[in-house]
Amino acid sequence: MGEQNWAGNHAYRADSVLTPHAVEEVQEAVATASHVKALGSRHCFNDIADTPGGVLLDLHALDVPVEIGDGTVTVGGSARYGDFAGQLHAAGFALPNLASLPHITVAGSVATGTHGSGRRQPGLASAVSAIELVTANGELRTFTRGHAEFPGLVVGLGALGVVTRLTLDVVPAFDVRQDVFDGLPWEAVSEHFDEIEDAGYSVSLFTNWVNDTIDQVWVKSRVDAFTERAGLFGAVPADGPRHPAHAAGIPAGNCTPQQGVPGPWHERLPHFALAFTPSVGDELQSEYFVPYGDAAAAIAAVREIADVVAPVLLVSEIRAIAGDDLWLSPCHGGDRVALHFTWQPRQPEVEAVLPVLEERLAPFGARPHWGKLFHGRPGNYPRLAGFRTLAEELDPTGKFRNPFLNRHVFGG
């Protein structure tokens, strides 16, 4: 078929690919297919979008206009955050948060529990107040936040239907400045983690696990709530722009502006600018979520196997995310800290490291990111049985199921 994901490490399994231009075409394709899945930005690193023997729907050409209302914005499921953020800002509004890449689609991001950073900022799916999807019989249905099963629909893993529109909560537009600090002592992470996370609206720590200090701390502050600081618990202001993988020699040209230069929310909250290849480009990714209160212990556990992790690593990012009530969100049930691993493009070696890493994080009930590489089962989700029931109601013949869902959700 020739369709590959963003990283080039996975070729999608399907008999054919269709590119619908209208919602009605999506309905027809879903109604007539025996098995079907949707493709977004292809930024997942595993087989979550496979549909062996079925049809892949490439939604990039789906014609759904952006509609800005009173406190909301409605977009097509295939819209990338970077495609409409400027329009939203021009109208005086902002999304509460963004992921590090503005290149990803809204539908794919919320379906897999993708997030930004910020101890008091929940994942991107928490902004969804309404979702329109095509269910297995081709019917177009809309669910709103008041629906009893709505928390089960948003982080849907593609198991419930093809998402065609989403309505997101917005807030008044705001400006952000981004300050980077070098060389945070490891003891500061264990002794002052709360204060570090409270240093800005969004805070990210970057490390290769083997250096004597945390390489960088990126602090993104709302300009209207900024407090000047000369340092950060021993870390010092960077003397120039940084790439997250600065320690690996990657230049900062594709990153959003730093060094305290104020700018609109959508040009500072992501780490990478829309016009450039995000992150390192040629890479693999994994991510694990642990309870916020276990952050220091989980970080220490990874440091103990730094000699195993570092040889195949480009950079790791440590971020806090507020909890939510979405059934299959990795942050369901309480605040989390995410340990992200951007790997070198050496999949066999990475897959050999993952069981060791997951064993170290198992005592903390770590949940992997649904769209990234992981080895074992996806963790404890108290509402998993309810999600299975919801899937059976909306997709009684298993049209949207695939090997990934059978392994990790339905137990087949």
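Determine whether GLU283 is modelled with pLDDT under 95 and under 20 Å from GLU349 (Cα atoms).
Details: modelled with pLDDT under 95: yes; under 20 Å from GLU349 (Cα atoms): yes.
Here the answer is yes, as GLU283 does meet what is asked.
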| request: Kindly establish whether LEU328 is touching a residue at least 24 places away in the same chain (Cβ under 8 Å) and closer than 28 Å to GLY158 by Cα. | output: yes
| task | Those residues that are touching a strand residue (DSSP E or B) at 6+ places or on another chain (Cβ under 8 Å), modelled with pLDDT of 95 or more and of a type outside the set (A, V, I, L, M), I need them from the stretch 32-49; list them, please. | result | HIS35, LYS37
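Please enumerate the residues belonging to the stretch 66-95 that are part of a loop (DSSP other than H, G, I, E, B) and open to solvent by less than 40 Å² (accessible area, probe 1.4 Å). Full working, then the answer.
Going residue by residue through the stretch 66-95, those that are part of a loop (DSSP other than H, G, I, E, B) are 66, 69-71, 77-79, 91-92, 95.
Of everything in the stretch 66-95, those that are part of a loop (DSSP other than H, G, I, E, B) and open to solvent by less than 40 Å² (accessible area, probe 1.4 Å) turn out to be GLY69, GLY71, GLY77, SER78, ALA79, GLY92, LEU95.
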| query | When the stretch 239-265 is examined, which residues are found to be over 20 Å from SER117 (Cα atoms), part of a loop (DSSP other than H, G, I, E, B) and more than 23 Å from the chain's Cα centre (by Cα)? | reply | ASP239, GLY240, GLY249, PRO251
| task | Please work out which one of (1) free of Cβ contacts under 8 Å to residues at least 24 places away in the same chain; (2) open to solvent by less than 70 Å² (accessible area, probe 1.4 Å); (3) among the small types (Gly, Ala, Ser) is the condition ALA230 fails and give its number. | result | (2)
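Would you point out which residue out of VAL290, VAL280, VAL236, VAL210 is touching a helix residue (DSSP H, G or I) at 6+ places or on another chain (Cβ under 9 Å), surrounded by fewer than 16 Cβ atoms within 10 Å (Cβ to Cβ) and not basic (Lys, Arg)?
Working: VAL290 fails: surrounded by fewer than 16 Cβ atoms within 10 Å (Cβ to Cβ); VAL280 fails: surrounded by fewer than 16 Cβ atoms within 10 Å (Cβ to Cβ); VAL236 fails: touching a helix residue (DSSP H, G or I) at 6+ places or on another chain (Cβ under 9 Å).
Going through VAL290, VAL280, VAL236, VAL210 in turn, the sole match is VAL210.
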| remark: The correct count of residues that are in contact (Cβ under 8 Å) with a residue 60 or more places away in the chain, of a type in the set (Gly, Ala, Ser) and either assigned to a loop (DSSP other than H, G, I, E, B) or open to solvent by less than 10 Å² (accessible area, probe 1.4 Å) (or both) in the stretch 19-53 is 5
| remark: Going through the stretch 342-361 in order, the residues found to be touching a residue at least 12 places away in the same chain (Cβ under 8 Å) and open to solvent by 20 Å² or more (accessible area, probe 1.4 Å) are GLN344, PRO345, ARG346, GLN347, GLU349, GLU351, PRO355, VAL356, GLU358, ARG360
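The values are calculated or read from the model by the stated rules, or taken from the named source; none is laboratory data. Computed from a prediction, not measured in an experiment: that's the story for all the values here. Cβ: placed from backbone, ideal geometry, glycine included. Neighbour counts: every protein chain shown. For accessibility, only protein heavy atoms count, side chains too; no ligands or nucleic acids. Shrake-Rupley method; radii C 1.70, N 1.55, O 1.52, S 1.80 Å.
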